[in-house]
Amino acid sequence: MPTPRNNIQKMDLTLTEEQLAVRDAARDFAQNVLKPGVIARDTEQRFPTDEVKQLGELGFLGMMVDPKYGGGGMDAVSYVLAMEEISKVDASASVVMSVNNSLVCWGLETYGTEEQKQKYLTPLAKGDVIGAFCLSEPEAGSDATSQRTTAIDMGDHYLLNGTKNWITNGGSASTYLVIAQTDADKGHRGINCLIVEKGMEGFVVGAKEDKLGIRGSDTHTLMFQDVKVPKENRIGEDGFGFKFAMKTLGGGRIGIASQALGIASGAYELALAYSQERTAFGKVISKHQAIAFKLADMATEIQAARLLCLKAANLKDQGKEYALASSMAKLFASKVAMEQTVEAVQIHGGYGFVKEYHVERMMRDAKITQIYEGTSEVQKIVISRTLLKD
Ligand code: COS
């Protein structure tokens, strides 16, 4: 049968010099700045304040934002490369990067007004402040249309009341994008997204969560009691909030997929190095087929995850629809991260079970990538609905 040439979609896998330079800069930063304190920050649940400041100075917090708003003007492929390198070493730092870049900055740049971009996007893109994305509630995680937080229209402002849970950057952010229900009769079409500033009266940051993984990131419950949010802080038209959240999460999932990829490839690199140093039964353990085959599986699955991440980013860079690709990337990369970090611990044996060797932290960090920004089950809803729609 002849090849249907006109159906072949080009996907050039050659990275440009600029993309390689971004990857190398992220790798240097991760290995030289993040690595030395990563175990202590995890143990003490300490937010990487200085390190995040430096990430901002290097342009990693507003990578894809137009330079006129203080960003780096880079493509999504560069973002994937940088996320992988940072996540190889410190997933707590990389989640700050992911939320700031692909949820907060992207949402503001794509749907914000010029005034909102000047006031809020520019300091976020420069890394002078960081942002948080507030969708999840005690009873609205996967079922995101069931928002209980209310934003009642009071004419010149909204009155915001409610609670948000598990908010990344909850304590350290200055700018919060808060999803809330304005008109319950309209269901998801009555939801808005409001820009809330830390310090607004009635906005309280609750206790920090004590987590299994990404323990250096600060995750909080947020409470809003009669917070007056000016009308000009609404993003988009009245009722656009749910679609805003869905669109934004489409790109966010590229970030988390790349984080999962980085956790997996970081664990693989450590396991590969260890297996070539450690001897058992008279030879290095990489020469035992039991270990060599594990390495082969790890490398293959990680490469497949990388290609899915790059595919989603490539579609985004071309201005094409990428929600399906980003959900596939997140679903697969997070599974690879979970499974392959377990294998990395296994290859390290007893050493893998202690903190000094890093892989136990990576195994704990991997789990959240199957949960936040849409669980694996939610990704399967998105993927199957897209496949089955008319
Ligand atoms: N882009 C634009 N609009 C979208 C969209 C997208 N990617 N996905 C859904 N929508 C729209 C739908 O078109 C629908 O609007 P209309 O009725 O006007 O057509 C509306 O949003 C509701 O969509 P749907 O009926 O599919 O909603 P469901 O309640 O069935 O939920 C899922 C769909 C489960 C996919 C969604 O709620 C979701 O992604 N949940 C997880 C949220 C999440 O990631 N939480 C983690 C918090 S961030 S750490």
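Quick note: the coordinates plus some simple rules give every number you see, no bench work behind them. Treat the numbers as computed from the prediction; the structure is a model and nothing was measured. Please note: Cβ atoms are built from the backbone with ideal geometry, for glycine as well, and neighbour counts cover all protein chains shown.
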### Message
Pairs of alpha-carbon atoms within less than 8 angstrom and 6+ residues apart define the contacts here; what relative contact order does segment 183-333 have, in percent?
### Response
24 percent
### Task
Largest first and in whole Å, give the semi-axes of the chain's equivalent ellipsoid, each being the square root of 5 times a Cα gyration tensor eigenvalue.
36, 24, 20
#### Entry: Mean residue ellipticity (222 nm) of the chain, computed from DSSP H runs ≥ 4 via -39,500 (n - 2.57), nearest 500
-14500 deg cm²/dmol
### Message
Tell me whether segment 14-109 comes out rounded, prolate or oblate; compute the Cα gyration tensor, take square roots of the eigenvalues as a ≥ b ≥ c, and use a/c under 1.5 as the rounded threshold.
### Response
oblate
### Task
With the Cα gyration tensor of segment 300-353 in hand, convert its eigenvalues to equivalent ellipsoid semi-axes via √(5λ) and list them largest first in whole Å.
30, 9, 7
### Helix 241-275 axis, angle to the chain major axis (alpha carbon atoms, nearest 10°)
20 degrees
## Note on the structure
Per the charge dipole of the chain (beta-carbon charges, Lys/Arg positive, Asp/Glu negative, Cα centre), the residue among Ser142, Gln276, Val96 reaching farthest to the positive end is Gln276
#### Entry: Average projected area [Cα convex hull, segment 268-387], square nanometres
8.4 nm²
### Task
Return a whole-number percent for the relative contact order of the chain, with Cα pairs under 8 Å and 6 or more residues apart as the contact set.
16 percent
### Message
Which three extents, in angstrom, do the Cα atoms of segment 139-249 have along their principal axes, listed largest first?
### Response
40, 29, 21
### Task
Using only Cα atoms, find the angle between the long axis of helix 359-368 and the longest principal axis of the chain, and express it within 0 to 90 degrees, rounded to the nearest 10.
30 degrees
### Query
Hey, if you put +1 on the Cβ of every Lys and Arg and -1 on every Asp and Glu Cβ in segment 231-390, which of Val378, Ile285, Ala304 ends up farthest toward the positive end of that dipole?
Val378
### Task
Could you calculate the contour length gain from Phe281 to Glu114, that is, 0.36 nm times the residue separation minus the distance between their Cα atoms, to one decimal place in nm?
53.4 nm
#### Entry: Over 18 Å (Cα to Cα) - which of Lys247/Lys330; Lys126/Lys211; Lys294/Lys330; Lys335/Lys367; Lys294/Lys335 fall in this group
Lys126/Lys211; Lys294/Lys330
#### Entry: Two-site FRET efficiency, Asp153 against Lys68, from Cβ-Cβ distance with R₀ of 41 Å, rounded to 0.05
0.80
### Task
Return, ordered by residue number, the residues of segment 64-93 whose backbone nitrogen is under 19 Å from a label point located 7 Å along Cα→Cβ of Asn32.
82-90
### Task
With r as the distance between the Cβ atoms of Thr145 and Asp297 and R0 = 51 Å, compute the FRET efficiency 1/(1 + (r/R0)^6) and round to 0.05.
0.85
### Task
Enter the angle in degrees (range 0 to 90, nearest 10) between the Cα long axis of helix 376-388 and the first principal axis of the Cα atoms of the chain, meaning the one along which they spread out most.
80 degrees
